[in-house]
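The numbers here are math on the coordinates, done by the rules we state, and not lab data. Treat the numbers as computed from the prediction; the structure is a model and nothing was measured. Cβ placement follows ideal geometry from the backbone for every residue including glycine, while neighbour counts extend to all protein chains displayed.
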Amino acid sequence: MHDPWLTDRLAYLRGLKAPSDQQRLLILLAEKPNQNKEDSRKIAALIRAEKAAERAQKARAEAARIVNAEKITERKARDHELYQVAGLLSLAGLVDKHSGKPMTDRGELLGALLGLAKVPADDSRRAEWKRAGDALLAERERRA
């Protein structure tokens, strides 16, 4: 038992609350003082299986990190869009820039937004609102 990997792995396996049958057998055989050729053959097979299980566990952990990183990236992009929308409400004077609280009654603000949502896309008022909004955004860009 001069293999550092095996020494470390056995210590890890001994610390498990519920090692598998395969892991328990590896511990028993590795601790056996007088090993014969059959024991050595079994230990070698169990070590290969344990190394494969360790590689699989590392691969699953890496895959989980990748998936979580993607979720975090998506959440950050969504949050950024929400902050930009809040900035538009602030720019329009509907939300206080420092406190983030609405400058008008919340129900009134929501009602106005519901009214906007009901206006058809081809309504002339939308084109008028877009012109006014684009002009304010352009002015803000010039000042920045």
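Taken across the range 70-86, residues that are touching a strand residue (DSSP E or B) at 6+ places or on another chain (Cβ under 9 Å) and either surrounded by fewer than 11 Cβ atoms within 10 Å (Cβ to Cβ) or closer than 30 Å to L113 by Cβ (or both) do occur, with at least one present. The listed residues are D39, D3, and the only one of them that is on the phi < 0 side of the Ramachandran plot, surrounded by fewer than 12 Cβ atoms within 10 Å (Cβ to Cβ) and either of a type in the set (D, E, K, R) or in contact with a Phe, Trp or Tyr (Cβ under 6 Å, 6 or more places away or on another chain) (or both) turns out to be D3. Across the range 98-140, the qualifying residues are those that are assigned to a loop (DSSP other than H, G, I, E, B) and among the hydroxyl-bearing types (S, T, Y), and the one among them that is surrounded by the most Cβ atoms within 10 Å (Cβ to Cβ) is T104.
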